[in-house]
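S.K.: This is the structure I have questions about; it appears just below.
Bear in mind these aren't lab numbers, they're just calculated from the coordinates by the rules spelled out. Remember, predicted model here, so these are calculated numbers, not experimental data. Neighbour counts run over all protein chains shown; Cβ positions are idealised from the backbone, glycine included.
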Amino acid sequence: MTSVSPHKKAKALKPTSRRPAKELCSECGLCDTYYIHYVKEACAFINQQIEGLEEQTHKRSRDLDNETELYFGVHQDMIAAQKQQPIEGAQWTGIVSSIAIEMLNRGLVEGVICVQNTKEDRFQPMPIIARTPEEILAARVNKPTLSPNLSVLEQIEKSGLKKLLVIGVGCQIQALRAVEKQLGLEKLYVLGTPCVDNVTRAGLQKFLETTSRSPETVVHYEFMQDFRIHFKHEDGSIEKVPFFGLKTNQLKDVFAPSCMTCFDYVNSLADLVVGYMGAPFGWQWIVVRNDTGKQMLDLVQDQLNTQPVTSQGNRKEAVQQSIPAYDKGVTLPMWAAKLMGVVIEKIGPKGLEYARFSIDSHFTRNYLYVRRNYPEKLAAHVPEFAKKIVGQYKLPE
Ligand code: FAD
Ligand code: SF4
């Protein structure tokens, strides 16, 4: 007689039920499945355990005395890349979708967890297990909202899948790594993207309405390395709004509380990470964390242009000056914002230094947020690497 795994006796929460992490829940999807059984250990917002899971996944945690690892996590390589033939409609050039398609076509995996959108709403996430390249392609482009990617985990055991690729952001991947051994897989591959400042679907609406000239026609947006948000509209036009002109007073509460307490911007537990922030404008930034990640990247090498990552400028002053602005929710008038954006772009941080600028700004803001709102969580919830990064700056009392 075979014994039933304890989690199979657990019951997923109803969509309307309050989640164990309460207002800090990022809707990662774990609690929509019987793996809720493990939530107290697995949830990124109840039990931060990045360092331990780095050991489990990469055989060691990051070296805090190595500045590159301190910021970008365990890795064996970092490059800038772009697809020679970009995928139309992808977030950037479609490296993520291309790797997933290649893995499926070559039989490395039988399914890919990714997220499409619903028919009615281009930004409403709909996680799936894709079994065909067409289904992967239909999941291209960011759904810039909290997305329950792990809500399809129960289907893995039911469908008998043994080799799986999961695409996801940091909080989803932390929960996934924590339950990895319970999934009954022969091989799990994880393709991560960085993630920061995510919002609920309602929060996204507020952000679009306060920031874009035409919220209903936005198909895609990104916080770019030129210190502007680039909104792409249905007619193909690009609208650029300087970060420093954001209505931060109105947007102060728009980011989800989970994202205001997150320190895993760079998706530390993925095998391979594909973002943009450490690369020159128009290029994607790739972090190979381990041998599995290298194997995944090798599959598309012949489809890519690549160049080494570089670093230029000094972020420290700009970060220190942004701390009180973030903290008080100051908004500059648009003309001053544009001017400041231009000055910073000319003399400011580029490449990896831009990535460090963004990490420093978000970690100091989030550290202050946790200190103010969840002082009892500060010691255990903030990972050691983030404490060291934040410790470089003078924070308000
Ligand atoms: P595509 O080929 O277009 O594929 C995109 C993939 O993302 C799809 O497979 C889809 O399943 C998955 N996806 C879409 N929405 C979500 C979601 N909400 N949750 C989980 N998975 C999703 N990069 C940075 O360098 N800095 C950032 O600050 C940053 N913030 C991000 C915030 C969010 C919410 C997301 C989803 C991504 C973010 N990225 C960030 C990553 C970056 O925007 C691109 O997604 C990445 O470079 C891949 O581009 P691509 O053209 O290769 O992807
Ligand atoms: Fe559950 Fe995920 Fe929300 Fe944590 S973040 S409470 S694991 S759904």
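S.K.: Can you sort His220, His362 from fewest to most other Cβ atoms within 10 Å of each residue's own Cβ?
M.R.: His220, His362
S.K.: Work out the count of Lys pairs in the stretch 144-262 where the Cα-Cα distance is under 23 Å, with the pair 8 or more places apart or on different chains.
M.R.: For the stretch 144-262, the number of qualifying lysine pairs is 13.
S.K.: Moving on. Could you work out the local net charge near Lys143, counting Lys and Arg as +1, Asp and Glu as -1, over the other residues with Cβ closer than 11 Å to its Cβ?
M.R.: Working: positive: Arg122, Arg140, Arg201; negative: Asp121.
So the surrounding residues net to +2.
S.K.: Calculate the FRET efficiency for Glu317 and Thr118 from the Cβ-Cβ distance with a Förster distance of 25 Å, rounded to the nearest 0.05.
M.R.: Numbers: r = 45 Å, r/R0 = 1.78.
For R0 = 25 Å, the calculated efficiency reads 0.05.
S.K.: Is the shape of the chain rounded, prolate or oblate, going by the alpha carbon gyration tensor and its root eigenvalues a ≥ b ≥ c, with a/c under 1.5 for rounded and a/b larger than b/c for prolate?
M.R.: Details: a/c = 1.42, a/b = 1.29, b/c = 1.10.
Taking the square roots of the gyration eigenvalues as a ≥ b ≥ c, the chain is rounded.
S.K.: Would you list Asp235, Asp253 from fewest to most Cβ contacts within 10 Å?
M.R.: Asp235, Asp253
S.K.: Ok, one more. With r defined as the distance between the Cβ atoms of Ser5 and Glu51 and R0 fixed at 30 Å, what FRET efficiency is calculated, to the nearest 0.05?
M.R.: Values: r = 27 Å, r/R0 = 0.91.
Given R0 = 30 Å and the Cβ-Cβ separation, E is 0.65.
S.K.: By the scheme Lys and Arg +1, Asp and Glu -1, what is the net charge of all other residues having a beta-carbon under 9 Å from that of Ser311? Intermediate results must be reported in sequence, preceding the final value.
M.R.: Numbers: positive: Lys350, Arg356; negative: Glu353.
Its environment carries a net charge of +1.
S.K.: Positive end of the charge dipole of the stretch 26-114 (Lys, Arg +1 and Asp, Glu -1 on Cβ, about the Cα centre): tell me which of Val39, Met103, Gly29 has its Cα farthest that way.
M.R.: Farthest towards the positive end: Met103.
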